[in-house]
Every structure is written in structure tokens, then in C-alpha cells.
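The values are calculated or read from the model by the stated rules, or taken from the named source; none is laboratory data. All values reported here derive from a predicted model rather than from experimental measurement. Here the Cβ positions follow ideal geometry from the backbone for every residue, glycine too, while neighbour counts run over all protein chains shown. Keep in mind that these areas ignore ligands, DNA and RNA; they rest on the heavy atoms of the full protein, side chains included. Shrake-Rupley method; radii C 1.70, N 1.55, O 1.52, S 1.80 Å.
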Amino acid sequence: MSREWIKANLLNAVGKALEREVRSGYSRHLFYAPRYHLSGSPNAHFIAKQQGLPDTDHAMHDAFHYDESNVRNAVNKRKTALRKKHGNLLSLREEV
């Protein structure tokens, strides 16, 4: 989520009582499980869910954690693509 999106949606998401607390202490993280990761975990999970197998049949549940700089890079990459499509909108400024 971009910082603009968070600013625009946080109040509606958590309410006035929590907004200030969340705004002062949140950090962004991206947990991504690409289907064809070298570990095989996401693909095994996908296939098991697709076939309706129980959780016991697919024990690998690896996630891949990306920190704030990785999130910023992902957000900026998406914003760049959206700028090409929609122009230089204020909400599509690059995050620094």
C-alpha cells in the first residue's frame, strides 16, 4: 500500500479511536508467495488447495518477507506503470 492510500483509507479502516495510534506506529511489510518460487512451497500449497486436499497434505507454508525498502520499490514500480497509463497524478508520485 502506498503512503497516499494509507492516509486516505486508515480512518475508515480502523476508526477515529485507533487511527492516531496506528499512524504513529505502523510499518509496511510485504509477504509474497510467488507460485513458482524455487522452494516449491507456494506451488505445493496452490496445488493442494486447488485439489481440495486437507492442510495435512501440504505442510510447506513458507512466506517471503520483504522490508520497507522492498515495499517502497514495489509501490514505486507499480506507480510508474500507472503514471504511464494515467499521467502524473498527485497520488502517483514516487515515494522516497
Determine the calculated [θ] at 222 nm for the chain from helices alone, applying -39500 (n - 2.57) to every DSSP H run no shorter than 4 residues and normalising by the residue count; nearest 500 deg cm²/dmol.
-> -17000 deg cm²/dmol
Quick one: which residues, 5 or more positions from His37 or on another chain, have an amide H under 5 Å from its amide H? H modelled 1.01 Å from N in the peptide plane, none for Pro or chain starts.
-> Asn43
Are there trypsin sites (Lys or Arg not before Pro) in the stretch 1-83 that DSSP puts in a loop and that have at most 12 other Cβ atoms within 10 Å, and which ones?
-> Arg35
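For the chain, what is the accessible area per residue in Å² when the probe is 1.4 Å?
Details: 7510 Å² over 96 residues.
Solvent-accessible surface per residue comes out at 78 Å².
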Applied in sequence order to the stretch 85-96, the curve 6.51 cos²θ - 1.76 cosθ + 1.60 (Karplus, θ = phi - 60°) yields integer Hz couplings, x standing for Gly and Pro, of 7, 10, x, 7, 6, 4, 6, 9, 5, 5, 7, 10
Accessible area of the chain belonging to carbon and sulfur atoms, whole % at 1.4 Å probe = 56
Any residue on another chain or 5+ positions along whose placed amide H is under 5 Å from the amide H of Phe64 is listed here as Tyr32
Where the only charges are on Cβ atoms (+1 Lys, Arg; -1 Asp, Glu), what is the dipole of the chain about its Cα centre, to the nearest 20 debye?
-> 700
Excluding same-chain residues fewer than 8 positions from Lys77, which aspartates and glutamates have a Cα within less than 12 Å of its Cα?
-> Glu94, Glu95
Write down the radius of gyration of the chain and its Dmax, each obtained from C-alpha positions, in Å.
-> 17.8, 49
May I ask you to list the lysines whose Cα is less than 16 Å away from that of Lys16, ignoring any residue fewer than eight positions away on the same chain?
-> Lys7
